[in-house]
Amino acid sequence: MDRAKIKRELEELAAEGLPAEQPQEEAPVEVQAEGEGEDKAKAKKEEDVPRKNGLIETDYATRGAHLDVQINPDQVVRAAEILDSEGMTLELVTGVDWIKEGQFEVIYDYSYAGGQLFRVVVRARVDRNNPDIPTVCHVYGGANWHERETWELLGINFVGHPQLEHFLLPEDADFYPLRKDFKP
Amino acid sequence: MSSLAQSQLRETFELNIGPQHPATHGVLRIKVVMDGEYIDRAEPILGYIHRMHEKMGENRTWNQFWPNMGRLDYLSAIAYNHCYAGLMERAMGIVVPERAEYIRVITAELNRIQSHLLGFGAYIMDLGGFTPLMYAMDEREQILDLLESVTGSRLTYCYFRFGGVYNDIDDDFITGTRAFLKRFRPQIPMYHKLVTGNVILMNRLIGVGPLSAEICRKYGATGPVLRGSGVNYDIRRNEPYSVYPELDFDIPVYHECDSMARYMVRMDEMLQSCRIIEHALNKLPEGPVMAEKVPKALKPPKGDYHYAVEAARGTFSMRTVSDGTNTSYRMRLRSPTYSNVSLFEEASRGMLLSDALAFLGSLDPVIPEMDR
């Protein structure tokens, strides 16, 4: 596991995705990498403006992770491959419903079991009306159940997942309980 | 005759194990496609006691979520308390008094011993031996009595608070714990004599359910399952939290990668937990057990937080997204056996059915924690 290499490759990956998403804005990624992304967001009128793609080094003591990278949804497989080749483990897949922004966020937590303490968070945002994101099942077998659960509870469609069937909920459940507009 | 080799003559049939089956430790159902005595495909089916703890986390205030932490893994609930306490203390920047941290570690390790004891007893019962369960229950009962005297409950602990623990331990607890350790330590060699050396057990466990370190990594398996595959990974050492760095203990690691290795890791861990408790009791400092000025209504700053602890079955971690209000925006619980059992489908392919049950028991699943 090479921390510097992971950081560099994820940074490049995030930079690749940036112009594709927002072609009109050509913000250099290096500026955000210094952790100024938060300051920029604050400067804007709305505080809840979604974060732009890029890599931030977070403080482990207060956040519980060392690197935090946001990428395009179509890049999560590439990110998983980068981290897999360095021997990291996929620990958790989380979905978050940002209903005000009309988006879902998918968060991948990676950890390292080889001795050194290193945690990486990979995030991707998908459109709430068209929540498609590629699966990372073929890279990490353990993603299967986590993605299946995220699909079931939030309705995020993991394209290419071998078995998107009901898992924790009853077989006839036609609701997504973790969505913020869910009414029991 | 193994019919696996003659695939053209193959005739498979479906077999349901569970949901009410003693070998599945609760309501876990396994849909197995059998090829004679061999498993073609075994698919665990979850959700029989799904309670949507994650949604409860969004509906309740931070303090109201405490009781949920005792109801995930009912066997090592204190470790789950520890994770939630640590998570919110990280988010709020609360500094916990040292005595409280020591008490946390002592109770968590007692809890770990009783969890492994029940795991040991139940596992041997899966394999057909009834007596060891009685021995294990006897010892476990003493731990439950000790924990009851400080926490007030015997199973679903809700003992920790943000900033400490709600009840200080007294001299009775300390002398009782020391007496228990004195009595318990010679029990483990006795168990080894009684159970581990038994030729039936050895034949059923050695070489059964091989798990390479690579498959553990791909599936995110942790805890005794990972350490039985030769990987020295324990959150208490690799990602130190609480006062574990100040305490002496070793991480038992076995390289055989089979069910026996996982069983041995758990047995050794009980002795290591005894060491931790003894050392922590010797070092127990005086002082308060609650931090001062912990706000009653917590409002952690916006952002997301992650915290991981070593529960009895592996890494339990929580990720919470806070929007700065008094409830969580998203509460994600990562339960260790969820990941551990997810590799069952791949690892059990081609296994004998009786071996597969011995293998499943060595993963030590606790169903309420998988289903959440």
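Every read-out reported here was derived from the displayed coordinates using simple, explicitly stated rules and does not represent laboratory data. Nothing here was measured: the structure is a model prediction, and the numbers come from that model. With ideal geometry, Cβ positions are generated from the backbone for all residues, glycine too; neighbour counts draw on all protein chains shown.
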Report summary line: In degrees rounded to 10, the 0-90 angle between helix B:171-184 Cα long axis and the longest Cα principal axis of chain B is 20
Report summary line: Averaged over the residues of B:49-62, the number of partner chain Cβ atoms within 10 Å of each residue's own Cβ comes to 2
Requested in this report: Sort out for me the Cα centre separation of the stretch B:140-161 from the stretch B:198-271, rounded to whole Å.
Outcome: 26
Report task. Note the angle between two axes, namely the Cα long axis of helix B:77-92 and the longest principal axis of the Cα atoms of chain B, as a number of degrees from 0 to 90, rounded to the nearest 10. Result -> 50
Query raised in the report: At a Förster distance of 60 Å, what's the computed FRET efficiency of B:Leu284 paired with A:Glu81, Cβ-Cβ distance as r, to 0.05?
Result: 0.80
Query raised in the report: Measuring from label point to label point, each 7 Å out along Cα→Cβ, what is the B:Arg41 to B:Ile206 span in nm?
Result: 3.6
**Report entry** Sum of -39500 (n - 2.57) over DSSP H runs of 4+, divided by residues of chain B (222 nm, nearest 500)
**Finding:** -13500 deg cm²/dmol
Query raised in the report: Roughly speaking, what is the stretch gain from B:Glu214 to B:Leu271, that is 0.36 nm per residue apart minus the C-alpha to C-alpha distance, in nm to one decimal?
Result: 17.7 nm
Requested in this report: Let me know the shape class of the protein assembly as shown, please: from the alpha-carbon gyration tensor, a ≥ b ≥ c as square roots of the eigenvalues, rounded when a/c is under 1.5, otherwise prolate if a/b is greater than b/c, or oblate.
Outcome: oblate
Report summary line: Net charge (Lys, Arg +1; Asp, Glu -1) of residues whose beta-carbon lies under 14 Å from that of A:Gly142, A:Gly142 excluded, is -4
Report task. Would you mind pulling out the separation of the Cα centroids of the stretch A:82-151 and the stretch B:341-372, in Å? Result -> 24
Report summary line: Going from the fewest other Cβ atoms within 10 Å to the most, one would list B:Arg217, B:Arg183 as B:Arg183, B:Arg217
Report summary line: Quick calc: nm separation of the 7 Å Cα→Cβ label points for B:Thr175 and A:Arg8 -> 6.5
Query - Two-site FRET efficiency, B:Lys31 against B:Val199, from Cβ-Cβ distance with R₀ of 35 Å, rounded to 0.05 - result: 0.60
**Report entry** Label-point separation in nm, B:Leu352 to A:Glu165, each point 7 Å along Cα→Cβ
**Finding:** 2.9
Query raised in the report: What is the fewest-to-most order of B:Thr107, B:Thr61 by other Cβ atoms lying within 10 Å of their Cβ?
Result: B:Thr61, B:Thr107
Requested in this report: Per residue of B:205-216, count partner chain C-beta atoms within 10 Å of its C-beta, then hand back the mean as an integer.
Outcome: 1
Report summary line: Fewest to most Cβ atoms within 10 Å: B:Asp170, A:Asp97, B:Asp364 sort as B:Asp170, A:Asp97, B:Asp364
**Report entry** Rounded, prolate or oblate (a/c below 1.5 giving rounded, otherwise prolate when a/b exceeds b/c) for the stretch B:53-371 by Cα gyration tensor
**Finding:** oblate
Report task. Determine the shielding of peptide B:217-226 by partner chains: average, over its residues, the number of Cβ atoms on other chains within 10 angstrom of each Cβ. Result -> 5
Report summary line: Between B:Lys182 and B:Leu15, Cβ-based FRET efficiency (R0 60 Å, step 0.05) works out to 0.80
Query raised in the report: Looking at the stretch B:268-334, which GluC sites (Glu not before Pro) are in a loop (DSSP not H, G, I, E or B) and have at most 14 other Cβ atoms within 10 Å?
Result: B:Glu286, B:Glu292
